[in-house]
Structure formats: structure tokens, C-alpha cells
Amino acid sequence: MAVKKDSTKLLQDFGAYVLADSHEPLCVRKAAEMIRAERGYRWVGIYKVTRSECIILAGTGEEPPTYQRFPVTQGLCGAVVESQETLVVPDVQKDARYLPTFWNTRSEIVVPIKSEAKQRVCGIIDAESDKVDAFSDDDRDFLEHVAVLLAHAICTSKNTDAVAG
């Protein structure tokens with residue numbers, strides 16, 4: 001499915017922005033906010049994946065997620081690291097793998113950010129909603145395009161300092 005026409009401009013602007021400022025921690029925070037604002041998601045987090053952990057680099061809003069770092073083998077993010085595929089969960093309360101980020105999350109989409117060689121997952125985009133079944137194929141397509149644009153910034157960055165606020 002093609003990206004919604006109204007997101008094409010954002011993807012172009014987003015790509016230019018990330019390329020210009022890709023290794024700055026505030027760039028990742030602004031990137032998360034751009035994603036959230038474009039689609040009206042309740043929360044967006046961008047995580048760095050190390051050999052053993054998922055570590056939040058940036059999240060939208062003022063409240064940090066419950067788990068700012070967790071083992072790479074746990075949660076929906078861990079499932080995405082293992083499968084290297086996007087995961088859409090229509091109702092997180094029905095998925096035993098779910099690690100609560102916020103008390104009011106009902107559905108979630110988790111998208112892998114893969115290294116340029118696409119041999120490993122080096123990051124995760126996590127978007128959440130307070131509505132059940134909130135994410136469409138169009139959301140998947142949009143976020144997968146964003147993940148490609150973020151790959152250089154996240155996969156080559158040595159920064160694991162959270163700026164989650």
C-alpha cells in the first residue's frame with residue numbers, strides 16, 4: 001500500500017532533517033514528535049537496540065515510559081528484534097508479551113529499524129494508542145518508511161543516552 005499522500009511531504013522533510021542532524025540526541029526526540037504529530041499517535045518512542053537491551057533514546061510527551069531499558073528478549077519490542085518484522089497488536093491486553101509502557105495503552109505497532117545491510121535490528125519505533133485496533137496497513141507503511149530514514153542515525157550512533165522526557 002502506498003504512503004498516504006498527506007504524509008509524503010513529511011517523509012521528505014523528515015529525511016532531510018534526519019540526514020542533516022542525525023547524530024544529535026535532540027534530533028531523535030524531534031523525530032519522534034514529528035511522527036506522533038503527523039498521525040496523531042498518543043505516544044511514540046524510539047529505542048536503540050544493543051546486544052542485550054532495548055534503551056529508549058526519545059519519547060514524546062513529558063511522562064517517560066515505565067521501562068526505559070529492558071532485556072532485548074522481552075516485550076513486544078523483543079519479539080520484533082527476534083522476528084525482524086513489524087508487529088501490530090490490536091489489543092495489548094490480550095498479548096502476554098506486552099510490557100506496559102503506560103496504563104492507558106490499548107494497541108501498539110512496533111517497527112524494526114534495520115542496519116543498512118539489513119542483517120540486524122539496531123533500533124525500534126514504538127507507536128501506541130489508547131484505542132483498540134488503532135493501526136492500519138497505512139500506519140505500517142508510513143512507519144516502515146520512517147524506519148528506513150532513521151536507520152543511518154540510529155544504527156551508526158554510539159549514543160545510548162536516554163532523552164525520553
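The values are calculated or read from the model by the stated rules, or taken from the named source; none is laboratory data. None of the values given here were measured: they were computed from a predicted structure. Positions of Cβ are backbone-derived with ideal geometry, glycine not excepted, and every protein chain shown enters the neighbour counts. To get the accessible areas, we keep the full protein, side chains included, count just its heavy atoms, and leave off ligands, DNA and RNA. Shrake-Rupley method; radii C 1.70, N 1.55, O 1.52, S 1.80 Å.
Annotations for the structure displayed:
- Radius of gyration (Cα atoms) of the stretch 23-165, expressed as a multiple of 2.2 N^0.38 Å: 0.92.
- Cross-link partners of Lys9 among aspartates and glutamates (Cα-Cα below 12 Å; sequence separation of 8 or more within a chain): Glu38
- Here the stretch 73-160 exposes an accessible surface that is 49 percent carbon and sulfur, computed with a 1.4 Å probe and the other protein chains kept in place.
- Estimated FRET transfer efficiency when R0 is 35 angstrom, pair Leu99-Asp13 (beta carbons, to 0.05): 0.60
- For the stretch 31-165, the solvent-accessible area works out to 46 Å² per residue, with a probe of 1.4 Å and every protein chain left in place.
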